[in-house]
1. Once Rh is set to the Kirkwood radius over Cα pairs, what Stokes-Einstein translational diffusion coefficient, in µm²/s, holds for the stretch 103-244 at a temperature of 10 °C and a viscosity of 1.306 mPa s?
2. Which loop trypsin sites (Lys or Arg not before Pro) in the stretch 142-185, with loop taken from DSSP, have no more than 15 other Cβ atoms within 10 angstrom of their Cβ?
3. Within the set of other residues whose C-beta is less than 10 Å from the C-beta of Ser114, count the net charge using Lys and Arg as +1 and Asp and Glu as -1.
4. Give the percent of DSSP beta bridges with both residues in the stretch 39-240 that are antiparallel, rounded to the nearest 5.
5. Please give me the summed charge of the neighbours of Ala101: other residues whose Cβ is under 10 Å from its Cβ, Lys and Arg +1, Asp and Glu -1.
Amino acid sequence: MYYRKLVSVAVALLMALAAVWAVSATPKTNDENEQRRLQTIEPLNLAILIQDDLVPQVSNEIGVTRDFIRSLPQGSQVMVAYITAGTLQVRQPFTNDLDKAARSLRIPTASITSAPFNPYVEVIEALRKFEKDGTNANALLLISDGLDTSRGFDSTAAGHTLDIDRTINEARKRNVSIFSFYAPSVGLTSHNRLASSYGQSSLNRVSNETGGKAFFQGTSGFVTFNSYFSRLRETLNRQYARAR
């Protein structure tokens, strides 16, 4: 009797251990793996700037942008602003309430009347809102067509205007990496491939020369931000991962 009881206890123990092992060995889902990757990023001070005259399809990307904000590491601070009609409209100053920052996003107007003279004047204004002596890493996400026609619309001006140079200098001075998502506006870049190419060249230069990265695919049509945010997360992981 005692022997049978001992065997029963041993079998029960082995089954329990097998169940624990099976749970621990279960592959992580994509969402869990994504969350684990995000948790390796250092907290960020992140300013998100959206050009207000982008094509209407950009309104469909507000949800994924909100999700990205909410997924940032604890201790991050986020500012949300719109570049509209030559002004910087700050919807949410820097806050560590990520849900509040996410909820401050609105649908862009997608109107030609909201078009900026060029987006970089307002980028400079946003850069000056970063604290110089903060402990977090600093990054700015510019969602824009990148086109600056202040020196006219020709190949020599693409990526090489006074305001682009000033943007790069200001970002370097404040140690802010500028990341950018290309999206066409309702103006030139929605129907002129050359204008799209010039805008992308400008975004690429600003991002590359400030330690960030520009994301775009082709010069025609609109690509959703899903792949952009996925690649942005990977880039942030490499750039701001905690030392282990």
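Readers should treat all values here as calculations from the given coordinates under stated rules, not as data from a laboratory. This structure is a prediction, so every number in the text was calculated from the model and none was measured. As a convention, Cβ positions derive from the backbone with ideal geometry for all residues, glycine included, and neighbour counts pool all protein chains shown.
1. The Stokes-Einstein estimate is 101 µm²/s.
2. Answer by residue number: Arg151.
3. -2
4. 25 percent
5. Value of the local net charge: +3.
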